[in-house]
Amino acid sequence: MAVLISSFYFFYFALIGVHIIFVPKILSQVGYDPIHIGIIFASAPLVRFAIPFLFLKGFRLSQKTFFTALALMGLSALGFYGALEHFWPLLIVNILFGIGISLILPYIEVISLEEIGRERYGRIRLFGSLGFIAVSLVLVHYLTTPYVGITYLIVMALITLLFGGLIAVRQHADTENECNASDPRCSFSIRGHIPLWIGFFLMQVSFGPFYNFFTIYTTDHGISLETTVWLWSFGVIAEIIMFYFQGPLLRGNLPKLLQLTALITALRWFIVALFPESTLMLFAAQSLHAFSFALFHTTAIAILFELYSARRLSQQFFFGISYGLGGFLGALGAGALYQYLPPFVFVGGAVAALGAAIAFKITNKRSIIHNQRD
């Protein structure tokens, strides 16, 4: 199973790499302005936010649902080819793509934690980072036309579909036994941990400028596309190193670890805002991706795995509220800032990250008080 999960992560995040590194630049080349790019890239996260609420009504992430999500992801990826130069068809295709990927990753993440454990999780998850960096380094040399990038998107989606399907078949018995929100053993509530969820949300708001405009931002400041791809890749190398060695860190205070990652993320965005033309400082900022993504992501899913008995549901809401609602507002806000106040786009990201740090600090204080009462 470890080989299948590693392969899935490799191609899934290669797909994500094409989508977030190259598609914004492709849309800019085709003629879309920043506001339209922001709207298109805000659509999929908004769907991610909405879908988890279906699970509160008894909807189940069963094997059948997972296969449907895989098929939707593959078909919508194919749809990018015909819709690329037409705003409304492209928006619809991107929404369908968002529905597919919003169901796929949480399903696999729980399987990974159940099969591997949180301390070894990073050593499997790093294959996703390898896929992300591999496709970026290859595609930058072949992106002669916008449709070359879309072809890569389609190929990565179809291979991801294959490995996801193989994992689902192997896990058939476990997924059929997955409980839903109507089961008292699987109770789920955000209200008991509101600061934690606010922190998750604000962290992904802070990534809005990075995920949607980093390539455009750097190339607009004189950094070549090839150097920009190396900046992306360097950040992924940093996250790979963190994924491999982070195990011992996860034995400590998880809310405090979240606070640390948020503070480091704020520093990262301030560096990008202050030194947009300095290749050296941009590489320094990208090295912090080890903390702002790798360590944050593993810490977040680990704390939810322990807090909630409805594990798949908690992961769904994590991706929905953070990458979904947070990604949606982050994309829209970044689009507006880049349209009207471009020098402040990453300052906005830094402010959101500082807000996340405050929320995680409150979470840490509450957990300490709770432990003392216990």
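Observations on the model:
- Residue tally, condition in contact (Cβ under 8 Å) with a residue 60 or more places away in the chain and part of a helix (DSSP H, G or I), over the stretch 77-89: 4
- Of all the residues in the stretch 113-122, those that are out of contact with any Phe, Trp or Tyr (no Cβ under 6 Å at 6 or more places or on another chain) and either closer than 12 Å to PHE22 by Cβ or surrounded by 17 or more Cβ atoms within 10 Å (Cβ to Cβ) (or both) number 4.
- So ALA359, is it of a type in the set (A, V, I, L, M, F, W, C), at pLDDT below 85 and in a helix (DSSP H, G or I): no
- The stretch 341-356: number of residues that are part of a helix (DSSP H, G or I) and either out of contact with any Leu (no Cβ under 6 Å at 6 or more places or on another chain) or aromatic (Phe, Trp, Tyr) (or both): 10
- Condition met for GLY98 (touching a helix residue (DSSP H, G or I) at 6+ places or on another chain (Cβ under 7 Å), free of Cβ contacts under 8 Å to residues at least 24 places away in the same chain and not hydrophobic (A, V, I, L, M, F, W, C)): no
- Scanning the stretch 276-301 for residues that are assigned to a helix (DSSP H, G or I) and aliphatic (A, V, I, L, M) yields LEU280, MET281, LEU282, ALA284, ALA285, ALA290, ALA294, LEU295, ALA300, ILE301.
- Hits in the stretch 132-153 (condition: in contact (Cβ under 8 Å) with a residue 24 or more places away in the chain, of a type in the set (A, V, I, L, M) and either surrounded by fewer than 19 Cβ atoms within 10 Å (Cβ to Cβ) or not in a helix (DSSP H, G or I) (or both)): ALA134, LEU137, VAL140, LEU143
- Every condition in (1) modelled with pLDDT of 90 or more; (2) under 22 Å from ILE194 (Cβ atoms) is met by PHE275 except one, and the failing one is (2).
- Considering residues of the stretch 28-56 that are within 20 Å of the chain's Cα centre (by Cα) and farther than 16 Å from PHE319 by Cα only, the residue surrounded by the most Cβ atoms within 10 Å (Cβ to Cβ): GLY38
- Of all residues in the stretch 236-243, at least one satisfies being in contact with a Lys or Arg (Cβ under 7 Å, 6 or more places away or on another chain), farther than 27 Å from SER278 by Cα and in a helix (DSSP H, G or I).
- Whichever residue in the stretch 269-291 is free of Cβ contacts under 8 Å to residues at least 60 places away in the same chain and under 15 Å from VAL351 (Cβ atoms) and, among such residues, is nearest to the chain's Cα centre (by Cα): ILE271
The values are calculated or read from the model by the stated rules, or taken from the named source; none is laboratory data. Model, not experiment: these values are computed from the prediction. Heads up, the Cβs are rebuilt from the backbone with ideal geometry, glycines too, and the neighbour counts pull from every protein chain shown.
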